[in-house]
1. Please return the ranges of helices (runs of 4 or more DSSP H) entirely within the stretch 82-134 where 1 or more residues are more than 22 Å from Pro50 (Cα to Cα).
2. Tally time: how many residues in the stretch 30-79 are modelled with pLDDT under 50, assigned to a loop (DSSP other than H, G, I, E, B) and surrounded by 10 or more Cβ atoms within 10 Å (Cβ to Cβ)?
3. Please go through the stretch 86-134 and give me each residue that is over 15 Å from the mean Cα position of the chain (by Cα), of a type in the set (Gly, Ala, Ser), within 19 Å of Arg6 (Cα to Cα) and surrounded by fewer than 18 Cβ atoms within 10 Å (Cβ to Cβ), ordered by number.
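The values are calculated or read from the model by the stated rules, or taken from the named source; none is laboratory data. All values reported here derive from a predicted model rather than from experimental measurement. Here the Cβ positions follow ideal geometry from the backbone for every residue, glycine too, while neighbour counts run over all protein chains shown.
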Amino acid sequence: MSIFSRIKDAIFGSHAKATSTAPSTPANQVPSGSNSPANIPAASAAPAAPVDVEAVLQGMAAQQSQKLNWRTSIVDLMKLVGLDSSLENRKELASELGYKGNSSDSSTMNVWLHKQVMQQLAVHGGKVPAELQD
């Protein structure tokens with residue numbers, strides 16, 4: 001699994017846990033008494049509401065004893081979602097996201113990475129404030 005996918009899953013998965021619905025019929029079973037398409041749970045039903053990335057990350061940060069500057073630091077963002085924030089992993093993430101700059105210039109790469117991760121979270125269904133994408 002890619003590093004970006006693990007970031008996305010950590011954030012979107014937290015949202016799914018927080019917004020899980022009341023108990024329902026498992027998706028592979030038809031409710032008794034009806035086989036009408038309207039009564040069959042479907043994974044392809046209307047898309048879920050966008051994940052409020054900022055709110056999820058604020059909630060995760062509130063659970064941490066360490067103060068993490070996830071709003072501007074890719075290192076702190078990765079730590080917040082439970083990932084190894086080593087330079088090696090950040091270089092791998094940069095490669096996944098198409099970074100063309102010098103990966104030895106970690107400061108420039110880190111700024112680019114944070115912006116790209118936030119933009120990609122928005123592309124994948126996240127509600128990300130504009131100031132976090134700039």
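1. In the stretch 82-134, 87-96, 106-123 are the helices (runs of 4 or more DSSP H) which contain 1 or more residues that are more than 22 Å from Pro50 (Cα to Cα).
2. 5
3. Within the stretch 86-134, Ser86, Ser95, Gly98 qualify.
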